[in-house]
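Undergrad: Structure below; questions to follow.
The values are calculated or read from the model by the stated rules, or taken from the named source; none is laboratory data. The structure presented is a predicted model; accordingly, all values stated were derived computationally and were not measured. Note that we place each Cβ from the backbone using ideal geometry, even for glycine, and neighbour counts take in every protein chain shown.
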Amino acid sequence: MMIGSPTERPGSHQGSRPLPKASRRALLAAGAGLGTAGLLALVGPMPVGQASGRSGDAALLARAEPHLRGLNRVALAYLDDDTTRYAGIGADERTLFGIGSVSKTFCGAVLMDMVMKEEVTLDTTVDDLTDAGQSELAGVTLQELASHTSGLPDFTRTQTSSRNAWFGLLHADGARQDTTDTVADILGQGLKDRGRYSYSTAGVALLAHLLAGRAGTTYKELLNERILEPLDLTGTSLPVSRAGLPLGWEKGLLGGRPAEPWTLNGLAPGGGMWSTCADLAAWMRLTRDGRQPGAAGLQPVAPAPILPWMPDAKIAITWVLAKTPAGEDLIFHNGLTGSHHSYVGYCPRTGRGLAYLVNSVPTGEQLLMLQGDLVKTLLDEGAWI
């Protein structure tokens, strides 16, 4: 789907036929949830008008705006060495958005924090942290869960076989499985092609709950204690249900229609966080500069081909390692829910980085082109500012 859609999920359309010339520009769109685009066919698209009002750096907005047509509210951040510039359409760097699968990078940071503190290792298994019984996951390692190589499917059986998957997420209070039910559901699933990259929100959710169990708390509290509070990411939160949504949140748009937020309950660690462009820019800078625990997990773990756009991509601990259109190394993650889209990516050599948040789901070619165009314009050609 989803939330991650890395295209959010980085491997969602591996069997798709190759695109024509557009594919080089679109290559970076593959990591987030193209599955969400299927929702648009169900609800029927309506025109999306841009929100009124412009904010922030005029030069940055002028450079990016040609690629932002057909979107409603947008918040954008551009990093260049020690400088951060913001721009927005109907939003600014403090506006709240759902970030979908960018949430997974925060779980990766929690994992690496616990590894550095010797509370777990990357080779710790599921059965080391919970009684997995006869589950096929018993011997799966935390590294496999964090790198989408465990063999788990994207979601739990309940999420893919009930109204929760589509209209339940769009029109109700989201997923209904709590942590206990989510973990039990995941442990009851079979594995397919273990060791091979296959995007799994369920795998990251299980990872999060196992880490929380080791720490004797909930994942939400663990995330706050280890990452959000120490790094002063005050605009970032993990609502588990509608009641926990941050003050000031607003509905986004799916196909031009208001859509309910995806509050994911037990699956929330894999795609349920909310944040601001200011916090995502800070998160990107902390990662780039090695000042958040997850930066210790940026070595490639496995090939993660996102076909046809990114055939040479690799997966690290939750982050995707790829190339820009100009061939620069790129570390990124994106997210796509039923009403919001997000992106965070930077080039280690140049120090340039891009983060953006959108409150309307891009459709069709727009979804495929948006990330690639902005990466090319701002990261490959960023010296214009």
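Undergrad: Could you list, ordered by first residue, the pairs with Cβ atoms under 6 Å in which the first is in the range 130-152 and of a type in the set (F, W, Y) and the second is surrounded by fewer than 18 Cβ atoms within 10 Å (Cβ to Cβ) and at pLDDT 95 or above, at least 6 apart or interchain?
TA: none
Undergrad: Return a yes/no flag: does the range 298-321 have any residue that is part of a helix (DSSP H, G or I), of a type in the set (D, E, K, R) and modelled with pLDDT of 95 or more.
TA: Start the filter on the range 298-321 by keeping residues that are part of a helix (DSSP H, G or I), which leaves none.
Scanning the range 298-321 turns up no residue that is part of a helix (DSSP H, G or I), of a type in the set (D, E, K, R) and modelled with pLDDT of 95 or more.
Undergrad: Here is a follow-up. Among the residues of the range 122-134, which ones are more than 15 Å from G213 (Cα to Cα) and not small (G, A, S)?
TA: Narrowing the range 122-134 to residues more than 15 Å from G213 (Cα to Cα): 122-123, 133-134.
L122, D123, Q134 - these are the residues of the range 122-134 that are more than 15 Å from G213 (Cα to Cα) and not small (G, A, S).
Undergrad: Output the number of the condition that R226 fails; it satisfies all remaining conditions of (1) in a loop (DSSP other than H, G, I, E, B); (2) within 19 Å of R291 (Cβ to Cβ).
TA: Just one mismatch for R226, condition (1).
Undergrad: Please count how many residues of the range 229-251 are more than 18 Å from D279 (Cα to Cα), in a loop (DSSP other than H, G, I, E, B) and of a type in the set (A, V, I, L, M, F, W, C).
TA: 1
Undergrad: While we're here: I'm checking my understanding of the structure. Among residues of the range 332-376 that are assigned to a strand (DSSP E or B) and in contact with a Lys or Arg (Cβ under 8 Å, 6 or more places away or on another chain), which one is nearest to A281 (Cα to Cα)? Break it down into steps so the answer makes sense when it comes.
TA: The initial filter retains those residues of the range 332-376 that are assigned to a strand (DSSP E or B), namely 332-336, 341-346, 353-358, 360.
Those still in the list that are in contact with a Lys or Arg (Cβ under 8 Å, 6 or more places away or on another chain) too: 333, 346, 353, 358, 360.
Working: H333: 13, Y346: 10, G353: 8, V358: 15, S360: 20 Å.
The extreme case among them is G353.
Undergrad: Here is a further query. Looking at (1) surrounded by 20 or more Cβ atoms within 10 Å (Cβ to Cβ); (2) outside any loop (DSSP other than H, G, I, E, B), which is the only condition E65 fails?
TA: Only one criterion is unmet by E65, namely (1).
Undergrad: Based on what the data block shows, is A87 outside any loop (DSSP other than H, G, I, E, B), under 17 Å from N334 (Cα atoms) and among the aliphatic types (A, V, I, L, M)? Walk me through it before giving the result.
TA: On the way: outside any loop (DSSP other than H, G, I, E, B): yes; under 17 Å from N334 (Cα atoms): no; among the aliphatic types (A, V, I, L, M): yes.
When the stated conditions are applied, A87 does not pass them.
Undergrad: I've got another one for you. Does at least one position in the range 212-227 carry a residue that is touching a Pro at 6+ places or on another chain (Cβ under 7 Å) and modelled with pLDDT of 95 or more?
TA: Step one: list which residues in the range 212-227 are touching a Pro at 6+ places or on another chain (Cβ under 7 Å), which gives 219.
Retained after the next criterion (residues that are modelled with pLDDT of 95 or more): 219.
The answer is yes, given that some residue of the range 212-227 is touching a Pro at 6+ places or on another chain (Cβ under 7 Å) and modelled with pLDDT of 95 or more.
Undergrad: Go through the residues of the range 321-330 one by one and say whether even a single one is farther than 27 Å from E144 by Cβ and of a type in the set (A, V, I, L, M, F, W, C). Quick ask: steps written out before the conclusion?
TA: Initial filter on the range 321-330 (farther than 27 Å from E144 by Cβ): 324-328.
Those left that are additionally of a type in the set (A, V, I, L, M, F, W, C): 326.
There is at least one residue in the range 321-330 that is farther than 27 Å from E144 by Cβ and of a type in the set (A, V, I, L, M, F, W, C).
Undergrad: Looking only at the range 347-363, how many residues end up being at pLDDT 95 or above, surrounded by fewer than 24 Cβ atoms within 10 Å (Cβ to Cβ) and either touching a His at 6+ places or on another chain (Cβ under 9 Å) or closer than 9 Å to I331 by Cβ (or both)?
TA: 2
Undergrad: Does at least one position in the range 185-195 carry a residue that is surrounded by 20 or more Cβ atoms within 10 Å (Cβ to Cβ), farther than 30 Å from A132 by Cα and of a type outside the set (G, A, S)?
TA: Looking for residues that are surrounded by 20 or more Cβ atoms within 10 Å (Cβ to Cβ), farther than 30 Å from A132 by Cα and of a type outside the set (G, A, S), one finds none in the range 185-195, hence no.
Undergrad: Right, something else. Do any residues in the range 339-363 that are over 14 Å from G98 (Cβ atoms) have Cβ atoms under 9 Å from those of residues that are charged (D, E, K, R) and buried (at least 23 other Cβ atoms within 10 Å of the Cβ), where the two are at least six apart or on different chains, and which pairs are they?
TA: These pairs meet every condition: Y346/R352.
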